[in-house]
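Note sheet for the following structure.
The values are calculated or read from the model by the stated rules, or taken from the named source; none is laboratory data. Since the structure is predicted, the reported quantities are computational estimates derived from the model, not experimental observations. Because the Cβ atoms are built from the backbone with ideal geometry, glycine has one as well, and the counts that use them run over all protein chains shown.
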Amino acid sequence: MVKDIIDIVREKEFKSLSVEEKVELSDICTNEDEFNNLKQVFLDVDGVAMASRVLPKKETKKELDELFVSTYPKATGVWYSSMLASIVPKNKPLHRQPLVQIAAVGLLVFLTIPFLNNTSIDSSEKQLVASDEHKTEEIADENNLDLLEEEVSSTSPVLDLDVNEFELVDSDVQDVENGLSHAVLANATGATRGEDDHPDGIFEGEEVGVSYSIPTSEQPELLDLLTTTF
Amino acid sequence: MRLIKPQYKSMSDEDLMISISKGDKRAFDEIYARYASALLGYFIRMLWKDREKAEDFVHDIFAKIIKRPELFDPSRRFKTWVYSVANNMCKNEYKKQEVRKNISNGLDSSYPVSDEGANVMNEVQDGQFRERFEMSLDDLDLKHSEVFKLRHLNGLSIKEIAEVLEISDGTVKSRLFYATKYLAKSLKDFNPIMNR
């Protein structure tokens with residue numbers, strides 16, 4: 001606030017006045033006595049002003065309260081309006097209003113929670129899939145073993161030949177035994193070769209059958225076929 | 001609690017008026033607490049020390065605030081606005097009294113020069129100076145006395161007085177100087193310090 005001449009008279013002593021202030025005051029006082037008189041008047045007026053502070057009657061306020069209630073009958077409760085005023089203050093920009101900030105946080109949480117759930121489901125699903133794969137691998141291994149055993153067992157009846165049923169010459173028996181051993185060996189090597197040829201384990205074309213090496217002398221029809229060809 | 005309750009004490013007059021227009025009773029209570037006493041003092045001084053009339057005027061001005069808060073322009077300062085309303089109310093009252101005075105051919109009893117019963121100045125101690133001061137103020141014409149009262153008794157600045165009375169700062173200053181000079185002269189004989 002800019003000080004006016006009255007503030008100067010109130011606050012300053014005559015000796016401490018500047019030239020400009022003395023010029024300004026020259027209209028109302030010209031010497032120190034007049035200045036002091038003026039100062040005293042102002043101090044007394046201040047005293048009057050302080051003493052004359054009177055309070056209105058209580059009836060006046062009561063009447064005004066009634067008028068207020070009748071003018072704003074549907075006004076919201078004080079607690080509600082005051083809470084609203086603090087949550088949505090009018091003198092703050094939108095981004096600094098508590099209600100907007102709370103809503104933004106709520107929206108973030110609302111948008112984040114579903115993703116959190118998804119990731120947890122994914123991980124559990126992955127675990128399930130991994131365990132399933134492991135199980136199927138185990139089952140597949142077991143099946144392979146069973147198949148191998150079956151294959152072996154399917155070939156074993158040859159070995160289970162009852163020697164007593166046939167009357168064979170020792171040499172023939174020896175030949176048969178040799179032939180069987182060769183067949184088993186061939187089967188085994190063939191499988192291995194097959195795997196080597198097809199590292200993926202996929203066998204294309206006809207199924208590889210079990211071949212037996214039987215002397216041609218025992219199969220004269222083969223000789224016939226040969227002669228027919230040539 | 002601070003989060004929930006707005007701090008009415010720290011709110012500006014203008015913000016309180018906005019709250020009043022929305023029906024906030026506590027905002028009205030706060031503005032009443034700030035201005036009721038000052039306005040009552042102003043009306044008492046301006047309306048021939050008639051306390052009853054001053055009480056009525058205080059009631060009327062606050063009733064106006066309740067019923068038509070939209071009359072207040074928030075871009076203006078409430079203090080200057082409310083004093084300009086009070087000043088206009090007093091001027092209207094002067095006109096009314098003038099008409100009555102003319103009708104009653106000067107036998108107007110409702111125009112007390114000094115109501116001793118309601119004289120606030122007589123309620124305080126050291127009444128002699130105050131009486132003299134009051135008399136000197138009454139001797140002044142209205143345009144000088146109202147400026148002096150607003151400046152010294154209501155604590156308005158020169159700029160605020162200029163806004164209330166819708167006159168220039170320079171005019172306020174010159175009126176104030178005149179009133180001050182006049183009072184200093186008239187109270188010179190009274191004040192013991194001045195007689196040294």
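Below are the figures for this structure:
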| item | result |
| --- | --- |
| Test: residue in the range B:73-80 that is buried (at least 16 other Cβ atoms within 10 Å of the Cβ), modelled with pLDDT of 90 or more and touching a Phe, Trp or Tyr at 6+ places or on another chain (Cβ under 7 Å) | yes |
| Matching entry among B:V172, B:V147 (being out of contact with any Cys (no Cβ under 8 Å at 6 or more places or on another chain), buried (at least 22 other Cβ atoms within 10 Å of the Cβ), more than 10 Å from chain A (Cβ to nearest Cβ) and within 24 Å of B:W81 (Cα to Cα)) | B:V147 |
| One residue from A:I6, A:I28 being at pLDDT below 75, β-branched (V, I, T) and assigned to a helix (DSSP H, G or I) | A:I6 |
| The range A:19-46 residues that are more than 9 Å from chain B (Cβ to nearest Cβ) and in contact (Cβ under 8 Å) with a residue 12 or more places away in the chain, paired with ones that are surrounded by 18 or more Cβ atoms within 10 Å (Cβ to Cβ) and part of a loop (DSSP other than H, G, I, E, B) (beta carbon under 6 Å, 6 or more apart) | A:F35/A:C29 |
| Residue in the range B:56-76 that is more than 14 Å from the chain's Cα centre (by Cα), in contact (Cβ under 8 Å) with a residue 60 or more places away in the chain and part of a helix (DSSP H, G or I) present | no |
| Qualifying residue in the range B:40-55 (condition: farther than 21 Å from B:L16 by Cβ, touching a Phe, Trp or Tyr at 6+ places or on another chain (Cβ under 8 Å), in contact (Cβ under 8 Å) with a residue 60 or more places away in the chain and more than 14 Å from chain A (Cβ to nearest Cβ)) | yes |
| Selection from the range B:158-196 of residues that are assigned to a loop (DSSP other than H, G, I, E, B) and at pLDDT 85 or above | B:E166, B:I167, B:S168 |
| Identity of the residue in the range B:1-39, of a type in the set (D, E, K, R) and touching a residue at least 40 places away in the same chain (Cβ under 8 Å), that ends up farthest from A:K62 (Cα to Cα) | B:E14 |
